[in-house]
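The values are calculated or read from the model by the stated rules, or taken from the named source; none is laboratory data. Since we're looking at a predicted model, the values are computed, not measured. For neighbour counting, all protein chains shown are included, and Cβ atoms are generated from backbone atoms with ideal geometry for every residue, glycine included.
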Amino acid sequence: MIHYLKVWPEYFQPLWIGTKEFEIRQNDRDFQVGDTLLLKEWNPKTGKYTGREFPKRITYIIQGKFGLPNNLCVMQLR
């Protein structure tokens, strides 16, 4: 499955250059290992997409452990 996600510029840039390899989100989309996230840079000041986007695959998910609320998950991305 492909999930289209808005990402603010300050979080998009580290994902883009590879220094951030995870994403923390509400799991309101039933994210699963093997799903693809199409990360789309969103500028909240203009209310528009910047045009930068790229895919990342979910390789690992943690949810409901280590004190995380059940509705949040941490996803490892590659």
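May I ask you to say which residue of 57, 29, 52 is in contact with a Lys or Arg (Cβ under 6 Å, 6 or more places away or on another chain) and of a type in the set (Lys, Arg)? From the options 57, 29, 52, the qualifying one is 57. Of all residues in the range 19-58, those satisfying the criterion of being in contact with a Leu (Cβ under 7 Å, 6 or more places away or on another chain) and among the β-branched types (Val, Ile, Thr) are 24, 58. If you check 42, 16, which single one turns out to be in contact with a Lys or Arg (Cβ under 8 Å, 6 or more places away or on another chain), not in a strand (DSSP E or B) and not polar (S, T, N, Q)? Result of the check over 42, 16: 16.
So is residue 10 at pLDDT 95 or above, at negative phi, among the charged types (D, E, K, R) and assigned to a helix (DSSP H, G or I) or not?
So residue 10 passes the test.
Against the test of being free of Cβ contacts under 8 Å to residues at least 12 places away in the same chain and charged (D, E, K, R), the options 40, 6, 56, 45 yield a single qualifying residue, 45. Counting only residues that are within 13 Å of the chain's Cα centre (by Cα) and not hydroxyl-bearing (Ser, Thr, Tyr), the range 51-78 holds 14 of them.
Considering only residues that are of a type in the set (D, E, K, R) and within 14 Å of residue 1 (Cβ to Cβ), look in the range 47-78 and name the one that is surrounded by the most Cβ atoms within 10 Å (Cβ to Cβ).
So the residue we want is 56.
Across the range 24-36, the qualifying residues are those that are out of contact with any Phe, Trp or Tyr (no Cβ under 8 Å at 6 or more places or on another chain) and not in a loop (DSSP other than H, G, I, E, B), and the one among them that is farthest from residue 59 (Cα to Cα) is 26.
Is there a residue in the range 31-46 that is of a type in the set (Val, Ile, Thr) and closer than 14 Å to residue 4 by Cβ? Yes, because at least one residue in the range 31-46 is of a type in the set (Val, Ile, Thr) and closer than 14 Å to residue 4 by Cβ.
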